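So the structure is just underneath, and the comments pick up after that.
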Amino acid sequence: MNDLLSTDLTILLVEPSVTQRKIIAHELQQEGVQNIDFADSVSTAIDALNQNLPDLIISTLYLADGDALKLLDHVHTHFSDHQLPFMLVSSETRRQQLEAYKQSGVVAILPKPFTKEHLGKAINATLDLLSPQELELELYDIQDLRILVVDDSKLARNHIQRVLQNLGATRISEAENGAQALAVLQQSMFDLIVTDYNMPEVNGQELTEAIRRSDEHAHVPVLMVTSEANETHLANVAQSGVNAMCDKPFEPNIVKQLIYQMLEQN
């Protein structure tokens, strides 16, 4: 259970359509959220953020003076210390249009229209980020767990690290791609590897296959976090030796469950 409740959340909803604002606000209220501020553009959202920082920003993709990525870039540049969770609501289905958001560490991408289940999961993911709960393990001390995070997106690495730190992990190393990860593995030992799939030079599948061929690291659990939707690619990844896979953006509680299963049940 989260110590923080949905009733405690303050949300900035960025949506140019009055009708859509009313619909989304109503759905949020059904989830218990009462503190909702509104903006209809990138500029008015920035003005609102300068006045008061919310717990969560929910934005539609397309705005009159830019898009949600423009707003997200501003948040990352000017409010990086606050690590504001950001949720995208969009009817866009083209993978290439959403990829930048998946790699930026958004807490959720909701379809438009979304279901009560979609919204509930997204709100819970936000609460998990804002209300850290340490992962309790029998075989390991989470604070001593040596974790390598591999992702070519710095924003994605930061998001994954935040989730891991919320679970109590403190010994976290980074690599920008699979090739760099293999170099790090030549120098250090790890208890868990969390890697992206799509990376330059050496991708996540190739990294996992190299790890499984290694005498020193073949036993290390690998969690792959991927925005890849191609079923053939995912099937090949599953056969490469990964212990678990989850989507980008992911629910922190899912990552928590997967890590527990990999470390305690292997």
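The values are calculated or read from the model by the stated rules, or taken from the named source; none is laboratory data. All values derive from a computational prediction rather than experimental measurement. Glycine gets a Cβ as well: all are built from the backbone with ideal geometry, and neighbour counts include every protein chain shown. What goes into the accessible areas is simple: the full protein's heavy atoms, side chains included, and nothing from ligands, DNA or RNA. Shrake-Rupley method; radii C 1.70, N 1.55, O 1.52, S 1.80 Å.
Details
- Relative contact order of the stretch 143-227, pairs being alpha-carbon contacts under 8 Å that are 6 or more residues apart, as %: 32 percent
- Karplus-derived HN-Hα couplings along the stretch 100-107 (A = 6.51, B = -1.76, C = 1.60, θ = phi - 60°), whole Hz, x at Gly and Pro: 4, 6, 4, 7, 8, x, 5, 6
- The chain - mean residue ellipticity at 222 nm from DSSP helices (-39,500 (n - 2.57) per run, n ≥ 4, rounded to 500): -12500 deg cm²/dmol
- Overall form of the stretch 171-217 per C-alpha gyration tensor (a/c, 1.5; a/b vs b/c): oblate
- Across the stretch 51-57, computed HN-Hα scalar couplings (Karplus, 6.51 cos²θ - 1.76 cosθ + 1.60, θ = phi - 60°) run 8, 7, 8, x, 7, 8, 9 Hz from first to last residue, x flagging Gly and Pro.
- Shape call, the stretch 83-202: gyration tensor on alpha carbons, a/c limit 1.5: oblate
- To the nearest ten degrees, helix 68-78 and the longest principal axis of the Cα atoms of the chain are 70 degrees apart.
- Å² per residue, accessible surface of the stretch 148-228 at 1.4 Å: 39 Å²
- Percent of beta bridges antiparallel (DSSP, the chain, rounded to nearest 5): 5 percent
- In order along the stretch 161-177, the Karplus-derived 3J(HN,Hα) couplings, from 6.51 cos²θ - 1.76 cosθ + 1.60 at θ = phi - 60°, round to 4, 4, 4, 5, 5, 5, 7, x, 6, 10, 9, 10, 10, 10, 9, 7, 6 Hz, and Gly and Pro are given as x.
- The Cα-based radius of gyration and maximum Cα-Cα distance (Dmax) for the stretch 57-147 are 15.9, 53 Å.
- Between amide H atoms placed 1.01 Å from N, distances below 5 Å from Val89 occur with Ser59, Thr60, Leu61, Leu110, all of them 5 or more places distant or on a separate chain.
- As computed over the chain, the Cα convex hull volume per residue (Å³): 129 Å³
- Candidate lysines - alpha carbon under 21 Å from Lys22, same-chain residues fewer than 8 apart omitted: Lys112, Lys116, Lys121
- Surrounding net charge for His217, when Lys and Arg each add one and Asp and Glu each subtract one, Cβ distance under 13 Å: -1
- R0 of 30 Å, Cβ-Cβ distance Asp215-Cys246: FRET efficiency to nearest 0.05: 0.60
- The chain: relative contact order as a whole-number percent, Cα under 8 Å and 6+ apart: 14 percent
- Evaluated on the stretch 8-163, the Kirkwood hydrodynamic radius is 16.5 Å, with distances taken between all distinct Cα atoms.
- Entry note, the stretch 61-156: relative contact order of 24 percent, from Cα contacts under 8 Å with a spacing of 6+ residues.
- Degrees, to the nearest 10: 204-213 long Cα axis against longest axis of the chain: 20 degrees
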